[in-house]
Amino acid sequence: MRAGISRLIMKMFGWKYIGGIPEVKKAVVIAVPHTSNWDFVWGKLSFLSYGIKTTILMKKEMFVFPFNYVLKSWGVIPVNRSTKGNMTDQLAEEFAKRDSLYLSLAPEGSRSLRTEWKKGFYYIALKANVPIYLAEINYEEKTLTCGEAFYPTGDAEKDMHYIKSKYLNSKPKYPEKFSTGL
């Protein structure tokens, strides 16, 4: 039922999901570009429309009534960004515990302009030994794609350059807020 409702909402607003679904049961999915809160909405609806259960992290400040109930039902995990800890290790352990997990993250780490991306997604995938799916949202064409599966090699600088190069022609909602830093 959720899949049908999600497809209907996407169709009503002219959005399409292009491509297949992940071929593996565990992966980090990076959602690029991230310049608007709408990125989360369209991304989540596209995955739900194909029955793909994703987990995302969101700052705990977003968990206010009544949205907190919706966010939790959508698999969103609140994160306290003011506490120190090794989130990479914790999330790699989550991958080890579960039979299936698609962790969706925005490497920019913010909706504001960032020329340097956070590398946490990369190190989580490397440590958990899972691929990174290079998902993209295109506001010009109103499309979302899951993209290719990229397996980190351990050469973070080279791998990040490759990953960022895949988004050079992205069409974000707010182009002035997006940069690959290349």
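The values are calculated or read from the model by the stated rules, or taken from the named source; none is laboratory data. Quantities reported herein were computed from a predicted structural model and do not represent experimental measurements. Please note: Cβ atoms are built from the backbone with ideal geometry, for glycine as well, and neighbour counts cover all protein chains shown.
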Answer yes if at least one residue in the range 77-98 is surrounded by fewer than 20 Cβ atoms within 10 Å (Cβ to Cβ), modelled with pLDDT of 95 or more, hydroxyl-bearing (Ser, Thr, Tyr) and over 20 Å from Trp38 (Cβ atoms), and no otherwise. no
How many residues are more than 26 Å from Asp99 (Cα to Cα) and either part of a strand (DSSP E or B) or not aromatic (Phe, Trp, Tyr) (or both) when one looks only at the range 8-31? 7
When both residues are 6+ apart or on different chains and their Cβ atoms are under 7 Å apart, which pairs have a first residue that lies in the range 41-54 and is of a type in the set (Phe, Trp, Tyr), and a second that is assigned to a strand (DSSP E or B) and buried (at least 18 other Cβ atoms within 10 Å of the Cβ)? Trp42/Ile137; Trp42/Leu144; Phe47/Thr54; Tyr50/Tyr17
Does the range 137-159 contain at least one residue that is among the hydroxyl-bearing types (Ser, Thr, Tyr), buried (at least 19 other Cβ atoms within 10 Å of the Cβ) and modelled with pLDDT of 95 or more? yes
Within the range 112-161, considering residues that are touching a strand residue (DSSP E or B) at 6+ places or on another chain (Cβ under 6 Å) and among the aromatic types (Phe, Trp, Tyr), the one nearest to Trp15 (Cα to Cα): Tyr133
Odd one out for Leu182, checked against (1) closer than 16 Å to Pro33 by Cα; (2) touching a residue at least 24 places away in the same chain (Cβ under 8 Å); (3) in contact with a Lys or Arg (Cβ under 9 Å, 6 or more places away or on another chain): (2)
Quick one: is Lys173 in contact (Cβ under 8 Å) with a residue 12 or more places away in the chain, under 13 Å from Val32 (Cβ atoms) and assigned to a helix (DSSP H, G or I)? no
The range 108-126 residues that are surrounded by fewer than 18 Cβ atoms within 10 Å (Cβ to Cβ) and modelled with pLDDT of 80 or more, paired with ones that are in a helix (DSSP H, G or I) and hydroxyl-bearing (Ser, Thr, Tyr) (beta carbon under 7 Å, 6 or more apart): Gly120/Thr88
